[in-house]
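**Q** Have a look at this one.
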Amino acid sequence: MILYKYTSAKGMKAILDGMALLIRPADDYNDPFESLPAFDDRTARLVVENLLLQRRALKRLSEDVEILGQPYTVPKLRLLLRDENTRATIIDRLRKRSDMSMLDLAKSFQRHIAKSVGFVCLSSNPANLLMWSHYADEHQGFVFALDASTWDPRSIAKVEYSPRRASIPNKKPTEADVRPLVTTKSTDWSYEQEYRILCKETEWQTLDSRRVGYLDITPIQIKWICAGIRSRDDKVRILSRLAEEKHVTNPDIMRAEIDETEFRIKIPFE
């Protein structure tokens, strides 16, 4: 499978220099709905229940006489919470005391996902006018083709576009349950024809005060690089030399072309 990455000239140089793609956490994208579950009363309950599974939260709750009526040890509290009716009562008391709205609870789940899940965004279309404008520095940047067949196919996810957000399906979400949350976007984004490389347990680093990770790539994975119709000649020459130094499959960077009659960009490699 060949997928495409849009980037600026600066981004293209960084990718070639490090032979790696930038991974960003699920809550650090330009869309505030990214990985945000649908929120309703049921979702709010599930979020609180998931919080109660964390030892730190259980420790605080075990000493909360106002909610429990008396203090408990953590093991005894775990036993207490096994009873469905008791658990529901405690959750209702916690929610009434908290000033968090259902949206706040949904955002807390969004942040929870972002701690361990990040992804790289790619596209199946290298010639989309909006993508060139939004993600390739207004046609001054680049797009390059990546052979995705070397990655674990389970990590490659096609984004689904929907008017409705995904919800939390059960009390203790598994990896498969979380996947729809990070692969569902609004239909407004459908022009991106997006695929994502999902990266779990990323070793986060700090770059410009933001958490980032890196997904290694090989020169052989880069099949070609195409410059935008407004790319500067000097930058194309510099990046062509760098691609050659890195032994990229096809280091000669060609330039995208404007179609003679249509609102369309022609990619020389396609």
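Values quoted throughout were computed directly from the atomic coordinates according to the rules given, and no laboratory measurement underlies them. Owing to the predicted nature of the structure, the values given are computational and were not obtained by experimental measurement. Because the Cβ atoms are built from the backbone with ideal geometry, glycine has one as well, and the counts that use them run over all protein chains shown.
**Q** Among residues other than Leu22 whose Cβ falls under 14 Å from its Cβ, what is the net charge (Lys/Arg +1, Asp/Glu -1)?
**A** Details: positive: Lys5, Lys10, Lys13, Arg24, Arg196, Arg210, Arg211; negative: Asp17, Asp28, Glu203, Asp208, Asp216.
Local net charge: +2.
**Q** Residue-wise, which Karplus ³J(HN,Hα) couplings in Hz belong to segment 113-124, taking 6.51 cos²θ - 1.76 cosθ + 1.60, θ = phi - 60°, and x for glycine or proline?
**A** 4, 5, 5, 10, 10, x, 7, 10, 9, 10, 10, 8
**Q** Right, something else. Could you please tell me the mean projected area of the C-alpha convex hull for the chain, averaged over all directions and given in square nanometres to one decimal?
**A** The number I arrive at for the chain is 16.7 nm².
**Q** While we're looking at this one, here's another question. Arrange the following residues from fewest to most other Cβ atoms within 10 Å of their Cβ: Thr206, Thr249.
**A** So the ranking, lowest neighbour count to highest, is Thr206, Thr249.
**Q** Could you tally the net charge around Val74, taking each other residue with its Cβ under 9 Å from the Cβ of Val74, Lys/Arg +1 and Asp/Glu -1? Could you put the intermediate results ahead of the total?
**A** On the way: positive: Arg55, Lys59, Lys76, Arg78; negative: none.
Combined, the nearby Lys, Arg, Asp and Glu give +4.
**Q** Starting from the Kirkwood Rh over alpha-carbon pairs, what translational D in µm² s⁻¹ does segment 56-97 have by Stokes-Einstein at 4 °C and 1.567 mPa s?
**A** Estimated via Stokes-Einstein, D reaches 127 µm²/s.
**Q** Sticking with this one: How do Ser35, Ser101, Ser62 line up, fewest other C-beta atoms within 10 Å first?
**A** Numbers: Ser35 26, Ser101 11, Ser62 18.
Ordered by Cβ neighbours within 10 Å, fewest first: Ser101, Ser62, Ser35.
**Q** If amide hydrogens are placed 1.01 Å from N in the peptide plane, which non-local residues have theirs closer than 5 Å to the one on Ala20?
**A** The answer is Ile217.
**Q** To the nearest 20 debye, what charge dipole does the chain have about its Cα centre, counting +1 at the Cβ of each Lys and Arg and -1 at the Cβ of each Asp and Glu?
**A** 1180 debye
**Q** For the chain, with the dipole built from +1 on Lys and Arg beta-carbon atoms and -1 on Asp and Glu ones, taken about the Cα centre, which of Gly118, Tyr161, Ile225 lies farthest toward the positive end?
**A** Checked the options; the winner is Gly118.
**Q** Where does each of 65-73, 137-145, 89-97 land if you order them by average Cβ count within 10 Å, highest first?
**A** Those peptides, ordered most packed to least, come out 137-145, 89-97, 65-73.
**Q** Can you list the residues, at least 5 places off or on another chain, whose amide H is less than 5 Å from the amide H of Thr202, using H built in the peptide plane?
**A** The list, which skips near neighbours in sequence, is Gly118.
**Q** Which residues' amide hydrogens lie under 5 Å from the amide hydrogen of Arg255, considering only partners 5 or more residues apart or on another chain, with H built in the peptide plane?
**A** Placed amide hydrogens put Ala227 under 5 Å from Arg255.
**Q** Also, quick follow-up: Nothing charged except the Cβ atoms of Lys and Arg (+1) and of Asp and Glu (-1): what's the magnitude of the dipole of segment 1-79 about its Cα centre? Round to the nearest 20 debye.
**A** Roughly 380 debye for segment 1-79.
**Q** If each residue's Cβ is checked for other Cβ atoms within 10 Å, how do Arg237, Arg78 rank with the fewest at the top? Present the calculation step by step, with values, prior to reporting the outcome.
**A** Details: Arg237 11, Arg78 15.
If I rank by nearby Cβ atoms, fewest first, I get Arg237, Arg78.
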